[in-house]
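Engineer: Quick one: structure below, then a few questions.
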Amino acid sequence: MKRDLSWFDLMWFGIGSIMGAGIFVLTGEAARNNAGPAVVLSYLIAGIAAILSVFCYTEFAVELPVAGGSFSYLRVELGDFVAFIAAGNILFEYVVSGAGVARSFTSYFATLCNHEPNSFRFYVSSMSEGYNYLDPIAIVISIVVCVIACFSIKGSSLFNKLASITHTLVLVFILIAGLTKINTSNFTTNFAPFGVSGIMKASSMLFFAYIGFDGIATLAEETKNPARDIPIGLVSSIVIVIVTYCTLSATLCMMQPYTQIDPDASYTMAFKAVGFSWAQYIVAFGALEGMFTVLLANIIGQARYFTHIGRTHMAPPFLASIHEKTGTPLNATIVMTVANSIVAFFTSLDVLANLLSIATLFIFSLVSLALIVRRYYVAGQTTKTDHRKLIAFLVLIVGSSIASGAYWKVTDGKSWMGYAIIGPIWVLATLGLQLTVKQARKPKMWGIPVMPWVPSASIALNLFIMGSVDNASFVRFLVWTVLLMIYYVFIGLHASYDAAKDMERLTNIEAAN
């Protein structure tokens with residue numbers, strides 16, 4: 001692919017891919033039903049988990065600047081099977097995220113036209129609840145985004161940059177206008193009405209608002225100077241997003257008591273409630289801008305994931321085709337747009353949001369684990385003693401992290417006694433890894449600081465947040481993972497093996513000549 005992107009392009013791709021439906025759609029529901037004004041803390045917790053993952057993705061993206069993103073990283077460090085299971089969940093995450101944003105686009109477009117959110121959808125009473133509002137506008141907007149993404153990565157970057165800047169200006173307007181109508185007692189009175197449990201439940205839901213940055217890592221193959229551009233672009237974008245989310249959610253909770261916040265169109269209705277009815281049109285326009293850029297960055301990331309999986313033959317190889325004129329993965333972009341459109345046409349946002357967080361947290365945990373393996377294990381160099389200690393410490397780190405999430409889920413945050421055992425196990429395991437196992441590989445260009453604490457903390461926080469995800473999402477996640485395993489055993493394993501043999505044969509022929 002063509003290397004056309006700078007750190008400035010990546011920063012705006014990051015902002016464009018992250019800041020969209022989450023802040024406009026989920027803030028109201030999280031504040032009213034889960035966290036109250038403490039939704040600010042929920043955004044901060046989810047943001048800390050995201051930025052820890054960003055550091056891990058950044059080191060991988062700099063060291064392995066290819067289009068496959070986390071699929072490539074996991075394949076190199078943890079093998080084909082783990083990579084394929086993760087890749088299936090990555091694509092699932094992207095489809096669900098893209099469909100959710102497309103659905104939200106229709107809702108805000110309806111409010112911009114002074115209609116109810118479901119006014120432009122068709123209700124079918126014979127279909128199940130959550131799947132009975134058919135959304136043709138979501139399909140139309142997905143197709144428009146697909147066309148833009150197919151032309152060129154530089155053109156998409158320019159469009160995304162302009163749209164993201166406009167969207168950011170609208171967010172600044174919302175902040176300034178909102179702060180002129182605040183009542184601090186709305187924020188300080190009953191700050192956390194649902195307790196710590198509610199804050200964590202909101203945090204698991206609001207992780208949806210940070211999804212998208214991992215797609216920027218897939219652009220490494222198209223970046224001019226990965227060692228410089230990727231760290232600056234990724235880290236700066238996530239920091240800007242965290243500050244923006246926390247500030248905007250605090251402003252919303254000061255404009256209205258949390259019990260009066262509208263869960264569907266929170267910012268629009270808040271401005272109407274404080275006498276700024278005219279501002280609802282600017283808010284709706286800003287929401288549409290943000291959702292459009294998220295959809296664009298989403299489909300760009302999806303297509304590049306699918307392209308790299310197609311190169312391995314774990315997915316049909318025609319998906320790996322790069323169009324000669326545009327230099328973009330045309331086939332993969334079209335296929336993923338079709339998948340997004342089908343899901344968006346039927347499925348409501350609340351169902352999609354519940355499906356999303358668990359897959360994403362699982363993938364981010366695997367990437368953090370893979371980074372530790374990359375730093376501490378190299379075949380033929382790592383001693384058997386260090387290898388055994390590495391495995392033991394990783395089992396303790398992952399085991400204690402799973403235990404923390406499971407304990408939270410079982411107790412619903414009402415007991416803290418178990419953490420007196422779980423916490424020290426995680427600390428001692430991470431410390432033991434740092435002090436007693438020699439790093440087998442040092443990053444050549446850019447590495448995360450305080451290794452292995454950052455990836456270990458990423459694993460712990462991601463799995464802890466998973467403890468607040470609803471049970472239905474775990475069931476769907478397991479069903480999807482089982483289907484992926486069946487596909488891999490009967491199709492993907494053999495296809496990737498044949499592709500590897502073909503590549504080896506071609507390499508031998510070239511060497512002989």
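The values are calculated or read from the model by the stated rules, or taken from the named source; none is laboratory data. Not measured: the values here are computed from a predicted model. Quick reminder, even Gly has a Cβ in these numbers, built from the backbone with ideal geometry, and neighbours come from all protein chains shown. In case anyone asks, the SASA skips ligands and DNA or RNA and just uses the protein heavy atoms, side chains included. Shrake-Rupley method; radii C 1.70, N 1.55, O 1.52, S 1.80 Å.
Engineer: Given region 173-227, what helices (runs of 4 or more DSSP H) lie entirely inside it while holding 2 or more residues that are modelled with pLDDT of 85 or more and more than 21 Å from T293 (Cα to Cα)? Steps first, please.
Structural biologist: Details: elements: 184-188, 195-206, 214-217.
Correct list: 184-188, 195-206.
Engineer: Now for a separate question. So which of I299, I322 is aliphatic (A, V, I, L, M), within 12 Å of C150 (Cα to Cα) and open to solvent by 20 Å² or more (accessible area, probe 1.4 Å)? If you could, list the steps in order and put the result at the bottom.
Structural biologist: Values: I299 fails: open to solvent by 20 Å² or more (accessible area, probe 1.4 Å).
Checking each option against the conditions leaves just I322.
Table: residues versus (1) touching a helix residue (DSSP H, G or I) at 6+ places or on another chain (Cβ under 6 Å); (2) without any contact (Cβ under 8 Å) to a residue 40 or more places away in the chain.
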| site | (1), (2) |
| --- | --- |
| Y108 | yes, no |
| C113 | no, yes |
| P117 | yes, no |
| R121 | no, yes |
| V124 | no, yes |
| P136 | no, no |
| I141 | yes, no |
| V145 | yes, no |
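Engineer: Report the residue count in region 270-308 for those that are without any contact (Cβ under 8 Å) to a residue 60 or more places away in the chain and within 18 Å of F105 (Cα to Cα).
Structural biologist: Looking only at region 270-308, we keep the residues that are without any contact (Cβ under 8 Å) to a residue 60 or more places away in the chain, and these are 272-273, 277-278.
In the following step, the residues that additionally are within 18 Å of F105 (Cα to Cα) were identified as none.
The number of residues fulfilling the criteria is 0.
Engineer: In addition: Quick test for you: out of L366, L288, L371, L356, pick the one residue that is aliphatic (A, V, I, L, M), in a helix (DSSP H, G or I), under 20 Å from S53 (Cβ atoms) and open to solvent by 10 Å² or more (accessible area, probe 1.4 Å).
Structural biologist: Working: L288 fails: under 20 Å from S53 (Cβ atoms); L371 fails: open to solvent by 10 Å² or more (accessible area, probe 1.4 Å); L356 fails: open to solvent by 10 Å² or more (accessible area, probe 1.4 Å).
So the residue among L366, L288, L371, L356 that is aliphatic (A, V, I, L, M), in a helix (DSSP H, G or I), under 20 Å from S53 (Cβ atoms) and open to solvent by 10 Å² or more (accessible area, probe 1.4 Å) is L366.
Engineer: Within region 385-413, work out how many residues are open to solvent by 70 Å² or more (accessible area, probe 1.4 Å) and modelled with pLDDT under 90.
Structural biologist: 2
Engineer: Starting from residues that are within 30 Å of K384 (Cβ to Cβ) and modelled with pLDDT under 85, keep the ones in region 446-480 and report whichever is most open to solvent (accessible area, probe 1.4 Å). Quick ask: steps written out before the conclusion?
Structural biologist: Taking region 446-480 first, the residues within 30 Å of K384 (Cβ to Cβ) are 447-460, 463.
Still in the list and also modelled with pLDDT under 85: 447, 449.
Values: G447: 29, P449: 70 Å².
Once the filter is applied, the top-ranked residue is P449.
Engineer: Right, something else. Take the residues in region 450-472 that are of a type outside the set (A, V, I, L, M, F, W, C) and not in a helix (DSSP H, G or I); name whichever of them is farthest from V410 (Cα to Cα).
Structural biologist: Checking each candidate, the answer is P452.
Engineer: Enumerate the helices (runs of 4 or more DSSP H) found wholly within region 4-76, keeping only those where 2 or more residues are closer than 20 Å to Q302 by Cα and at pLDDT below 85. First the steps, then the outcome.
Structural biologist: Details: elements: 7-18, 27-30, 39-63.
It comes to 7-18, 39-63.
Engineer: Here's something else I'd like to know. Scanning region 414-427 for residues that are in a helix (DSSP H, G or I) and touching a residue at least 24 places away in the same chain (Cβ under 8 Å), which turns out surrounded by the fewest Cβ atoms within 10 Å (Cβ to Cβ)? Steps first, please.
Structural biologist: Residues of region 414-427 that are in a helix (DSSP H, G or I), as a first pass: 419-427.
Narrowing further to those that are touching a residue at least 24 places away in the same chain (Cβ under 8 Å): 425-426.
Values: I425: 16, W426: 22.
Among them, the one singled out is I425.
Engineer: Counting only residues that are within 23 Å of the chain's Cα centre (by Cα) and farther than 30 Å from L134 by Cβ, how many does region 321-350 have?
Structural biologist: Residues flagged as within 23 Å of the chain's Cα centre (by Cα) and farther than 30 Å from L134 by Cβ within region 321-350 amount to 1.
Engineer: Of everything in region 105-133, what is open to solvent by 30 Å² or more (accessible area, probe 1.4 Å) and in contact with a strand residue (DSSP E or B) (Cβ under 8 Å, 6 or more places away or on another chain)? Give them in sequence order.
Structural biologist: N118, F122, Y123, V124, Y133, listed by residue number.
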